[in-house]
Structures are given as structure tokens and as C-alpha cells.
Amino acid sequence: MTIYVFGSINLDKVYRVSHLVQPGETLSSNGLHTVLGGKGANQSVALARAGARVAHVGRIGRDDSAWLQTLVDAGVNVERVEAVDTVSGHAIIQVDDKGENAIVLHGGANRGFDRAALEVLLDALQPGDWLLMQNECDGLAEAVSIAQHRKVRVAFNPAPMDAGVRVLPLRTMDLLVVNEIEAAMLLELDAGTPTADLLEALRSTLPGVMRVLTLGASGACLFEADSNVMHECSAPVVDVVDTTGAGDTFVGYLLAALVADDSPELALRRAVMAGALAVTCAGATPSIPMASAVEAAMNTGAIA
Ligand code: RIB
């Protein structure tokens, strides 16, 4: 059983700043480093570090192919990543002294997928495999259709959210992970809708799908498919260094645990702990913890 991640590969240019730059302001950064990121690549690394068998499906600019070594080193199969003559997807990321971030994305090589290309890239999918997607690549409807035709289960993290997500066949998917902003947009509720109202709305939406609402420092809630049983997990208090990639870490650890037959409740606890560990380190892929660190933190309740 393989988890195929059809998703973005970005080069993250991370600028440390005293505060997030304001309109019209020019601000000097206190540091710059470049790391591999992209919601797709981050989730592939998280899955692999959690112990899952994972293959990444996507594209990178030919000149940046060496960055794929980060995926390889984590244990991700990159045979279905194409090197193309387009600028790589990249992100300009500000991280402030409180660890909060602001991100400008350029899709680059992550855009331009059509059905014909995806039929080739996804030709190895077998019944029982999973397909995991985010919303930084196009061709999502085609990818879902190809996967479901091959009896492959679909997990979706519609980040960053846009109006196009609503026309995807969400009802037919198996796992959906959203944060509060994404949930409000998906459910057509006001931004700032109280968490309790989001949960109530999510409970009655897409009942055949396992739905997860992430709550940042407050943890996460999971509704089981069909039964609608809800599990809640609060997050440990940690020193926040950088929140970039924490949501991706959560998604990867959650799916890896579910695929390994952990109960939804245990899978949720693992994912929350992994996400909490991720915010204690800088960068996207560099901050994704190893399974041993997540296990140790769950056993002791302590974050080193
Ligand atoms: O979720 C974090 C990711 O969002 C970053 O790695 C950046 O590339 C953007 O895609």
C-alpha cells in the first residue's frame, strides 16, 4: 500500500523579520535561508518520517532538481517527479519574532497539469493505495477521477483554499483536513465564525467523509465518517519558533497513522503532537519531526 502525494514542491525563501511587513513599509530582514517546502513536499516528508510508504507526484524546475534530495533522504520515492523547463514553485516567507508567518506563493512548475499528464504520472496507482492532495497544484478534479477509477482512496487538504475547491467532488473523498479559515470558506460562513459553530456545521456536512478541523495552538477535532463520532485533542504548550509547515506535518502524521490502522483518536493525538513539535523548529521540511521524537513526546508528555 502506497500513499501517492500529488502536490507542490516549492523552494521556500525564509526571511526572519521583527514584524510582518506592513503596506508601504520597507523592512530589512534579520536573516535569510532557503529550504525545500511546498505543502505537497512537506506532507510527503511528514508521511515518510512517520513511517509510511510514500511516492511524490509533481514537478520541479530542472535547475533545482538537486533539491529533490531532501525528499529522497526522508525516504520519499521521487520517480514520478518531473524536472521541467519552468521556474520552480517558490514561496517568499516572512517569519516574525513570534513565529507567525506571511507567505507569497508563485505556482511555477506546480501549475499546468492536465488529464493526459496525470494519467501518466498516476499510472502506478493500485486498488487500496491512497492519493493525498493539497490545493497548490491544478488538475485536482482529474487526479481524483483517475484515482477513484482505480479504487484508490482520496485524502484532501484544501490549502490554500479558493473558490475552485467547492466544485471538487468532496462528498466522494475519504479524508478532508481543514483549518478554521478553510472551514469557514468551505461552509460559506463568515470569517471569524466561532469554533463551536464551525464544528456544528462540519458535523452535518459531508457525513460520509472523515473530517478534521485543525485549531492551531488549541489542537484539533475529528469526525469519523458515517458515525459522526467526534474526537478532540488539545495541543501541548510549546515555545513557538516558526509555524511554517506545522499544518503539513499534522496532515502527514494523521494519514500515516490512519493507514497504519491506528484508531482515529490515536491518529489525531499523534498528528497534534507532531504538529506541536514542528513549530519548535525553523523551516518547513527541516522542522518535521521523526517518528521517534513524536513517540517520545507522546509517552512523556514533554517536548524537548
Ligand atoms: O504550508 C507551508 C508551505 O506553504 C510552505 O512550505 C510554502 O512553500 C507554502 O507552500
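The values are calculated or read from the model by the stated rules, or taken from the named source; none is laboratory data. Nothing here was measured: the structure is a model prediction, and the numbers come from that model. Counting neighbours? That spans all protein chains shown, and the Cβs are built from the backbone with ideal geometry, glycine included.
A few notes on this one:
- Screening region 198-251 for strands (runs of 3 or more DSSP E) wholly inside it with 2 or more residues that are over 24 Å from Gly38 (Cα atoms) returns the ranges 220-223, 230-233.
- Filter result for Glu136 (assigned to a loop (DSSP other than H, G, I, E, B), within 16 Å of the ligand (Cβ to nearest atom) and within 24 Å of Leu206 (Cβ to Cβ)): yes
- Any hit, region 36-54, residues being farther than 26 Å from Leu125 by Cβ and within 16 Å of the ligand (Cβ to nearest atom): no
- The residues of region 241-256 that are more than 15 Å from the chain's Cα centre (by Cα) and crowded, with 17+ Cβ neighbours inside 10 Å amount to a single one, Asp242.
- Test: residue in region 54-64 that is part of a helix (DSSP H, G or I) and more than 20 Å from Gln134 (Cβ to Cβ): yes
- If you go through region 83-131 and keep only what is away from the ligand (no atom under 11 Å from the Cβ) and within 22 Å of Leu170 (Cβ to Cβ), you end up with Arg111, Phe113, Asp114, Arg115, Leu118, Leu122, Leu125, Pro127, Gly128, Asp129, Trp130, Leu131.
- Tabulated pairs, region 72-95, first in contact (Cβ under 8 Å) with a residue 12 or more places away in the chain, second of a type in the set (Phe, Trp, Tyr), C-beta under 6 angstrom, 6+ apart or interchain: Gln94/Tyr15
- Of the residues making up region 124-163, those that are out of contact with any strand residue (DSSP E or B) (no Cβ under 9 Å at 6 or more places or on another chain) and acidic (Asp, Glu) number 3.
- Verdict on Gly208 being among the small types (Gly, Ala, Ser), under 14 Å from Leu175 (Cα atoms) and either at pLDDT 95 or above or more than 16 Å from the ligand (Cβ to nearest atom) (or both): yes
- Residue in region 67-82 that is within 12 Å of the ligand (Cβ to nearest atom) and assigned to a loop (DSSP other than H, G, I, E, B) present: no
- Filter result for Ala217 (farther than 30 Å from Lys13 by Cα and among the small types (Gly, Ala, Ser)): no
- Pairs with Cβ under 9 Å, 6+ apart, first in region 166-186 and over 17 Å from Ala256 (Cα atoms), second modelled with pLDDT under 95 and of a type in the set (Lys, Arg): Met185/Arg166; Leu186/Arg166
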